[in-house]
Every structure is written in structure tokens, then in C-alpha cells.
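So the structure is just underneath, and the comments pick up after that.
Computed from the coordinates by the stated procedures, all read-outs in this text should not be read as laboratory data. This structure is a prediction, so every number in the text was calculated from the model and none was measured. Glycine gets a Cβ as well: all are built from the backbone with ideal geometry, and neighbour counts include every protein chain shown.
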Amino acid sequence: MMLSVEVPDSEVAIKAAWKALDAERKYATELTQKLVRIPSVNPKFLEDPDQNRESAVQDLIESELISLGMSIDRWDVFPGRPNVVGQIAGVEERSLLLCGHIDVVPIGDRDTWTVAPFGGEIRNGKLYGRGAVDMKGGVAAAIAAIRGIRKAGIELNGRVAIHSVVDEEAGGFGAIDAIRRGHVAKGAIITEPSWGDVLVCEGGLEWIRLTIQGKMGHSSLRYNEIWPQRDGPDRFGRAVNAIELAARFLAALASFESSRCRNRQHRLLPAGMNTINIGAIRGGAGLGPDGLPLIMTNPAIIPDVAVIDLDYKFLPHQTRQEIRSEFEAFVYHFCQQDLWLQKNPIKVEWELGGCKFPPMDTSPNHPIAKSLLKRRAQAGGQPKILGMIGKTDASHYAGAGIDAVTCGPTGDGFHASDEYVDIASLEETTKTLAAAIIDCCGVK
């Protein structure tokens, strides 16, 4: 039974919501525990029916949202991998969404864990388990915040929604699909771990594949390519070692990376975060239909294919068009220094695997950011305005024109062993979110 109270303004409403949250202080922790105990490893990384239980997680979340009087939209982004969106109606001008992903990465080597990876064990104020901080704790805090508001009998003026999405760990295709289906709002809070801070920006990301084409030959004729020869009709046809071209390119890329990191920075991010990570290199003979070398086990062949996959980060205030033009110009000028590459330039393929994250650059003075900063301090934190080093679904909402900010709990062990969320920070985050929802949506 929801309480009926008169709420004349936001400050009174926030006090009422916090009082309701204090009355059910363990709710966010217990919900996090339940969520952690349902393994939801992203099947793109590990296929195991016992661990790929995203649908079961969404069943629990859907049930919680329905109990709060939210209308539900549920659909499969991929077969058996559903998104769940719950919302409470209100005016669009003050609409707000809170987003979190429920897919997790694999546990890795079980022997490196000192607790059960999906046990939800609590020790010394920490709740352990895969997904505890990345990011089922944030999802639970968002739901608990709405619950506190509803329990206090507060009616919001603006529409509020919770997006529980899949596949963030593999590129954010759950959030992308939610946006594609029209689930947007004026503002967004992504409840990824923020370690007590309010994160208003994050750089963009592109995955790039470079294909360097050489010319195949027999290794016994390598002298014909590297030793001075009289060129004439009796000379064997020359081969071109694509792996050697790749090595020269990577040396030039290192200088290019150093220059762009040194000369361009963002005041809310660590210097040098706009890196270019060389993630995979494959060289060999023959180009297969999958875009990779066919033969990679015979060193007696001078290889004619080298494929390089890059993780290319750029700054929040840069555009995708800007960084693409800059990088393609660098590749072009590198190719102009080699007679072979002038005629056979390096192929650049953007959005490898469909992976791309737009940049996010919300103003530190945005009302959502200011509310989160103020309310987190009131809830007991010492927050700062910073930028997010990694990539989150916040980028996709920002790319859709939504003002997004990241604010979530504290923890450690994400993408590692003994992952945990700090319970005190979970409670602090819940209060912060409840207050920010009231600030942003207003009350009737």
C-alpha cells in the first residue's frame, strides 16, 4: 500500500523519499544479491546455458518494475536476450531515464576467486559476485530509488523510465535497440560504477580493421627482394612481405598515437587517454572470405596479407568525422612513401563488428549533473565532476541527442576476480538517484 502524503516541493519530497528508503534500507542490497545469483554471462564471450541466463534476470527485474506500477515493454534484442523498459507516465519536457545493463563478462579462472562467483556473498560491508558492481548494483539502486519515491506517495510531474538492457559488454547493442524503438527522454542517468563521482563526459570509440596487401612468394627467393639485384627480364618476379609492411606501419602508428595524445587533451580526463590500441594482428598467405589470412602456419611462404585490428579512442569534444578524416589522411601519407603501397593502398574498415561509441560531452553545469553532485554530497559522499575513462551506454544515449550523465556505486574486481560492490555506496547511490529523479522530473 502506497502512502499518501502532501508534497509541496522537491525538498520535502526528497526527505519523504529518503525516509521511505531508510525504512527499507536493505532492499537495494537484497535485490543486487538476487540479481548476482542469476548468472547472465554475455553469450558472445561464453556459450553456456547455465550461465547465459539474461532472460531470467529480466524476469526478476520486470516483476519488480510491475510492482511499482510501471508499464512494461519487453522484447528480444537477440534471440532469448531481452531488454526490459519500465516507465511511469508524465510530461515529456521533464522526462528522465535511468539505464543499466544486466549482461556480465565471464568469471575467468575460477581458482583466482576466493568467493563463489555467483554467490552474492556479503563480507565486511561488501557484496561479492560477478556483476555486483558492473553493474547489477547500479540497476538495483535505480529500481530502489523509484521504489522509495513510490512508497513515499510522491507523484512525479515528468515521465521516468528504467532501461534494463543487454549486450553492453559487447558494444551496447541493447541500448542502441532501445533507442531505435523510441525509448528516449530529455535526460539520462547511467548507473555504471562512478566511485562516488559524477561523470559528465566520455570519449568516443571506433574499432578499425586495416588490411595490408602484399604479394605472395617462396621464401627461398627472399634474397631477390632484400639483396641488391640487377633488374631485368631474367630476374624472378618480386614478392612483397605484407607482415614487414605492417611492422613499418605500426612503427609509424606509434608516433602518430604519441603525437595526438600529447597535443590533444580534455580537462576532465587523464592526459593521454585518447589511445590507439593494437588489439590483434594476423598475417599469412591468401585472403579468406572472413577478411583474414587463409594460411598462417607456413613460414616458407612470403605472406601477402596482414590484418590489424585497432581500438581507437578519441576525446569527448571531437567528432567521428574529424577523427576519421585525420586517421585516413595519416594512412594515405604513409602509403605514399612506398612504391608498392602507392598502387596497393592499405584498406581501412570502420565500425568493425558494428562497434562504435559516440562521444559524450555533457556540461558540468547541466541540471542533472548539478543535482547529482548536490544530492550525493547530502547523502554523505564527497563527489567530484569528472569524465569516464571507459565506454558505457551513456555514449549511445548522448549520440541520440540525450543529455546523459553517469553516477553509480563503488566497488572493484570488475572484469577480474572477486568482484564486489560496496554496500554503503549502494545505499548512498540509491538516495542520490531518488533525489535527482525528483529534482529532474519535479513533483505534482
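What order do you get for 10-17, 131-138, 266-273, 401-408 when each peptide is scored by the mean count of other beta carbon atoms within 10 Å, highest first? Show your work: numbers first, answer last.
On the way: 10-17: 20.0, 131-138: 31.2, 266-273: 14.4, 401-408: 25.4.
Packing order, densest peptide first, comes out as 131-138, 401-408, 10-17, 266-273.
Would you please give the FRET efficiency between E326 and L287, computed as 1/(1 + (r/R0)^6) with r the Cβ-Cβ distance and R0 = 30 Å, to the nearest 0.05?
With R0 = 30 Å, the Cβ-Cβ based efficiency is 0.65.
If R₀ is 45 angstrom, what is the calculated FRET efficiency for the pair A116 and S363, using the beta carbon separation as r and rounding to 0.05?
FRET efficiency, A116 to S363: 0.55.
How high is the relative contact order of the chain, in percent, with contacts defined as C-alpha pairs under 8 Å that are six or more residues apart?
Reported as a whole number, the value is 25 percent.
Lysines near K186 by alpha-carbon distance under 30 Å, same-chain residues fewer than 8 away left out - which ones?
Leaving aside lysines fewer than 8 places away in the same chain, those within reach of K186 are K15, K19, K136, K151, K313, K356, K370, K374, K384, K391, K431, K444.
Grab the Cα-Cα distance for D338 and T297, subtract it from 0.36 nm times how many residues apart they are, and report the gain in nm with one decimal.
Length gained between D338 and T297: 12.0 nm.
Sorted from fewest to most neighbouring beta carbons within 10 Å, what does the list I102, I281 look like? Write down the numbers at each step before the final one.
Numbers: I102 30, I281 14.
Neighbour counts put them in this order, fewest first: I281, I102.
I need the shape label for segment 384-444. Rule: rounded when a/c is under 1.5, else prolate if a/b > b/c, else oblate, with a, b, c from the alpha carbon gyration tensor. Don't jump to the answer; show the numbers that get you there.
Values: a/c = 2.70, a/b = 1.25, b/c = 2.16.
The shape class here is oblate.
Tell me, what ³J(HN,Hα) does each residue in segment 392-406 have, in order and in whole Hz, if you take phi through Karplus 6.51 cos²θ - 1.76 cosθ + 1.60 with θ = phi - 60° and put x for Gly and Pro?
In residue order, the calculated couplings are 9, 5, 3, 4, 5, 5, 4, x, 8, x, 9, 6, 10, 9, 10 Hz.
Based on the alpha-carbon set only, what is the convex hull volume of the chain divided per residue, in Å³? Walk me through the numbers before you get to the answer.
On the way: hull volume 68.8 nm³, N = 444.
Cα convex hull per residue, to the nearest whole number: 155 Å³.
Could you work out the mean projected area of the convex hull around the alpha carbons of segment 1-143, in square nanometres to one decimal?
10.7
Separation between the E155 and A271 pseudo-spin-labels, each 7 Å from Cα along Cα→Cβ, expressed in nm?
It works out to 5.6 nm between the two label points.
Once phi is turned into θ = phi - 60°, what whole-Hz ³J(HN,Hα) does the Karplus curve with 6.51, -1.76 and 1.60 give for every residue of segment 31-48, x standing for Gly and Pro?
Result, ordered by residue: 5, 4, 4, 4, 5, 4, 6, 9, x, 9, 5, 4, x, 5, 9, 7, 9, 7 Hz.
Under a crude label model (7 Å from the Cα following the beta-carbon direction), how far is S63 from N263 in nanometres?
Result: 5.8 nm between the two label points.
Taking a quarter of the surface of the Cα convex hull of segment 204-356, what do you get in nm²?
Quarter of the Cα hull surface area: 10.4 nm².
For the chain, set up a GNM with springs between Cα atoms under 10 Å and report which of E225, E257, E328 has the largest fluctuation.
E225
Can you tell me the length gained on complete extension of the stretch A252 to D22, counting 0.36 nm per residue apart and subtracting the Cα distance?
Additional length available on full extension: 77.0 nm.
Between I226 and I389, how high is the FRET efficiency from 1/(1 + (r/R0)^6) when r is the Cβ-Cβ distance and R₀ = 56 Å? Nearest 0.05.
Efficiency computed from Cβ-Cβ geometry: 0.80.
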